[in-house]
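A.B. asks: This is the structure I want to talk about, given as structure tokens.
Every number here is computed from the coordinates shown, using simple stated rules; none is lab data. Just so it is clear, the model here is predicted, and its values are computed rather than measured. Here the Cβ positions follow ideal geometry from the backbone for every residue, glycine too, while neighbour counts run over all protein chains shown.
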Amino acid sequence: MVREAARGSLTVVASLALLAGPLGCQELADIWNGAAEQTNEGRENRERAVQAEEAKRAYELERVVRKAPAKRALESESFGTFDSTSPAGRLKALLERRLECANDECRREVLETVRRDSALVLPGISELVTRQPEAITIEAVRLAGLFRHVASIEALGRAALVGSGRVRAEAVWALGETGDPRALEPLDRISRLDNPLDINSAICRAVGAIGRPEGAPILDRLYSAADPRTRGECVRAAGSIGSIEVMPLLRRAVDDADTSVRDDTRRALEKIPGKEPKRLIRKLGSR
């Protein structure tokens, strides 16, 4: 008798699981608790509710699929477009070709074309460092640094502020490669932000590449970073400047906790004339 009752209970549970379909555990429990009283009409109502919910989900999914092409078209339209004969249009075509190159020889040919037609295409860099696919932007930024294109400094400053992580790092490098003191202004603005450590290190290298005393306050500010690598970059950049303007930074760096930073400090001090640098070198030697 007990065995028959147990078999009957299992049959009810199995039937309920089939009827529940996509229903959750709570709904299944509710059915179980009221199984004896549930009528055919109640089961049909529940099944209709489930079907309606599934139809609603299918409709929402269809809407998403229908909207996807329109969304991609809108994103595509957000990129800047240029006349094919304009500097930006010509340069973009060359950069797209370079990105499609399968070997170094092809890439060198494109670069040689840019070099040959630099007066026609390099003015387009400023328009390609924003509102373009990341790959095009990075290629344009690298060209600005490679050709030391000072006319692109303002655009590079924008890219270094608002670009993606890769674009920012490349733009900071390109600002330094221009070697122009006007590039210190955007570098100063960027140095005041809460940057990742690699960006701060890149700023120090860029200031050192420019090598002007006006960059000393930027290095002094970034030296306060807790990362020894960034501090070392700042000290090496101070050595590249090699003037008394970097002495406030080097006075602090003499007591740096990191041995490699102190070694960089000694080498930087050796490039600066005067009695104080010599005295600080002796202090470092006594450690």
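A.B. asks: Which FRET efficiency value, to the nearest 0.05, do you get for residue 283 and residue 135 by plugging their Cβ-Cβ distance into 1/(1 + (r/R0)^6) with R0 = 51 Å? The partial results should precede the final answer.
C.D. replies: Working: r = 50 Å, r/R0 = 0.98.
E between residue 283 and residue 135, to the nearest 0.05, is 0.55.
A.B. asks: How big is the charge dipole of the stretch 183-242 about its Cα centre, in debye rounded to the nearest 20, if each Lys and Arg gets +1 on its Cβ and each Asp and Glu gets -1 on its Cβ? Mind dumping the intermediate values first?
C.D. replies: Values: 8 positive and 8 negative charges, 24 e Å.
It comes to approximately 120 debye.
A.B. asks: Once the piece of chain linking residue 244 and residue 221 is laid out straight, how much longer is it, given 0.36 nm per residue of separation minus the C-alpha distance between them?
C.D. replies: Working: separation 23, 0.36 × 23 = 8.28 nm, distance 1.65 nm.
Stretched fully, the residue 244-residue 221 segment lengthens by 6.6 nm.
A.B. asks: State whether the stretch 117-258 is rounded, prolate or oblate according to the following rule on the C-alpha gyration tensor (a ≥ b ≥ c being the square roots of its eigenvalues): a/c under 1.5 gives rounded; otherwise a/b larger than b/c gives prolate, and the remaining case gives oblate. Write down the numbers at each step before the final one.
C.D. replies: Values: a/c = 2.79, a/b = 1.82, b/c = 1.53.
Verdict is prolate for the stretch 117-258.
A.B. asks: Next question. Kirkwood hydrodynamic radius, computed over distinct alpha-carbon pairs, for the stretch 218-260: how many Å, to one decimal?
C.D. replies: Values: mean 1/r = 0.0982 Å⁻¹.
In the stretch 218-260 this quantity evaluates to 10.2 Å.
A.B. asks: Computed FRET efficiency, Cβ-Cβ of residue 255 and residue 193, R0 25 Å: what is it to the nearest 0.05?
C.D. replies: Working: r = 27 Å, r/R0 = 1.09.
Once the sixth-power term is evaluated, E becomes 0.35.
A.B. asks: Can you compute the charge dipole magnitude of the stretch 158-207 about its Cα centre, using +1 on each Lys and Arg Cβ and -1 on each Asp and Glu Cβ, nothing else charged? Give it in debye, rounded to the nearest 20. Before the final figure, lay out the partial values.
C.D. replies: Values: 7 positive and 7 negative charges, 22 e Å.
Around 100 debye, computed over the stretch 158-207.
A.B. asks: Suppose R0 equals 22 Å. What FRET efficiency, 1/(1 + (r/R0)^6) with r the Cβ-Cβ distance, do residue 81 and residue 162 give to the nearest 0.05?
C.D. replies: Details: r = 20 Å, r/R0 = 0.92.
Between residue 81 and residue 162 the formula returns 0.60.
A.B. asks: Treat every Asp and Glu Cβ in the stretch 168-273 as -1 and every Lys and Arg Cβ as +1, leave all other atoms uncharged, and give the resulting dipole magnitude about the Cα centre to the nearest 20 debye. Each step should come with its number before you reach the end.
C.D. replies: On the way: 16 positive and 18 negative charges, 30 e Å.
Dipole magnitude for the stretch 168-273 comes out near 140 debye.
A.B. asks: So if I average 1/r over every pair of distinct C-alpha atoms in the stretch 154-230 and take the inverse, what Kirkwood radius in Å does that give?
C.D. replies: Numbers: mean 1/r = 0.0839 Å⁻¹.
Result for the stretch 154-230, one decimal place: 11.9 Å.
A.B. asks: Please pull out the direction-averaged projected area of the stretch 114-200, using the convex hull of its alpha-carbon atoms, in nm² to one decimal place.
C.D. replies: On the way: hull surface 20.4 nm².
Answer in nm², one decimal: 5.1.
A.B. asks: Taking N as the number of residues in the stretch 246-287, what value does Rg over Cα atoms divided by 2.2 N^0.38 Å take? Don't skip to the end; give the middle numbers.
C.D. replies: Working: Rg = 9.0 Å, N = 42, 2.2 N^0.38 = 9.1 Å.
For the stretch 246-287, the normalised Cα radius of gyration comes out at 0.99.
A.B. asks: Here's another thing I want to ask about it. Using Cα-Cα distances under 8 Å and only pairs 6 or more residues apart, what relative contact order does the stretch 150-242 have, in percent?
C.D. replies: Details: 130 pairs, mean separation 23.3, N = 93.
With pairs under 8 Å counted, the relative contact order is 25 percent.
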